[in-house]
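Heads up: the structure comes next, in structure tokens.
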Amino acid sequence: MVETHVLDDQRVADLAAQFEHAWSTRTTIPPLSETLGLADPAAAYAIQTQWTAMRLANGERILGRKIGLTSLAMQQQLGVHEPDYGSLWASRYVPAERGLAVAPASWFIQPRVEGELAFLIGRRLAGPGVTLQHVLAATEAIAVAIEIVDSRIEDWRIKLVDTVADNASYGGFTLGPWSRALRTADLRTIGMVLSQNGRPAVEGIGAAALGHPARCVAWLANKLAEFGIALEPGDIVLSGSLARALPARAGDVFTVEMHGQPPLLLRFTE
């Protein structure tokens, strides 16, 4: 188990409550890395864990996990050497009907949209020692996904500890249909086009996520083991963005296309 001696329990609870207030009121807070000089990722995960526990006590459910900072460029930008993770809260899952998901822009503060792959875990994955091959063997299906990232930190002025405490900048997500065929595809070379309002905006490739999206899931299983947690059957894992995120606002429509899969659309309403 990971322990932190940087913040006492009451301070962790107070900070978690600040994030919950920011979430529910659509307001921001200054970066903890600046106001507190927070630099310890373990302390940031303690805040995240407390915030999630607070939400669970009020009826929230966890559908799985999301992985962030999977690209080398983002790790270099934030001065870190590994990704981070957060929980997928069910209250912000937006089901897609006939390939279209609709999300109110009013849910978010400063949302951005990412295209990625989601893994549906079929067999328990408990680290340490989980490999890419273990992940593929334990995966029941894979789906095209759109993640909405959002930040309770002012102006996205984040360092690693800020995004970790902020549930890895979770905003929401939607999924295309689950595909068993994708389990045997070469996910390193799978291409993605993310369009905004009908115009292609960014292109990505599976290798952008730690060289292989399943390697991201392996990292997650091994990281969770530090906290005494495993990936369980039925968990959804968003494996990390395949390209840069695009800012979103009311009226925008985003489309993610990947070879052999139906398009997935997300529309933001007023």
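Give me log10 I(q)/I(0) at q = 0.08, 0.14, 0.16 Å⁻¹ for the chain, Debye formula, one equal scatterer per alpha-carbon, no solvent. For the requested q values the scattering log ratios are -0.29, -0.95, -1.26. Counting every C-alpha pair in region 9-154, the share spaced more than 23 angstrom apart comes to 45%.
One decimal place: the segment residue 137-residue 28 gains 35.1 nm when fully extended, by the rule 0.36 nm per residue minus the C-alpha distance. Take each peptide in 167-177, 26-36, count the other Cβ atoms within 10 Å of every residue, and average; sorted highest first, the result is 167-177, 26-36.
Note on residue 15: accessible area approximately 0 square angstrom, rounded to 10, probe 1.4 Å, nucleic acids and ligands left out. Once the 1.4 Å probe is applied to the protein heavy atoms, the chain comes out at 43 Å² accessible per residue. Beta bridges per DSSP, both residues in the chain: antiparallel share near 80 percent.
What is the sum of charges around residue 134, taking Lys and Arg as +1, Asp and Glu as -1, for the other residues whose C-beta is under 12 Å from the C-beta of residue 134? Once positives and negatives cancel, what remains is +3. Estimated at the nearest 10 Å², the accessible area of residue 178 is 90 Å² with a 1.4 Å probe. Could you tell me which of rounded, prolate or oblate describes region 138-236, using a ≥ b ≥ c as the square roots of the eigenvalues of the alpha-carbon gyration tensor, with rounded for a/c under 1.5 and, failing that, prolate when a/b is larger than b/c and oblate otherwise? Note, shape of region 138-236 comes out oblate. Per residue, the chain reaches -8000 deg cm²/dmol at 222 nm when only DSSP H runs of four or more residues are counted, each adding -39500 (n - 2.57). Normalised by residue number, the volume inside the convex hull of the Cα atoms of region 20-101 is 144 Å³ per residue. Other residues with beta-carbon under 10 Å from the beta-carbon of residue 123 carry, at +1 per Lys or Arg and -1 per Asp or Glu, a net charge of -1. One Cα centroid belongs to region 100-166, the other to region 213-253; the line between them spans 3 Å. In this simple spin-label model, placing a label point 7 Å from the Cα along the Cα-to-Cβ direction at both residue 270 and residue 97 gives a separation of 2.1 nm.
How large, in percent, is the carbon and sulfur part of the accessible surface of the chain at a probe radius of 1.4 Å? Carbon and sulfur atoms account for 51 percent of the accessible area of the chain.
The values are calculated or read from the model by the stated rules, or taken from the named source; none is laboratory data. Computed from a prediction, not measured in an experiment: that's the story for all the values here. Note that we place each Cβ from the backbone using ideal geometry, even for glycine, and neighbour counts take in every protein chain shown. Areas reflect the complete protein model, heavy atoms only, side chains present, ligands, DNA and RNA absent. Shrake-Rupley method; radii C 1.70, N 1.55, O 1.52, S 1.80 Å.
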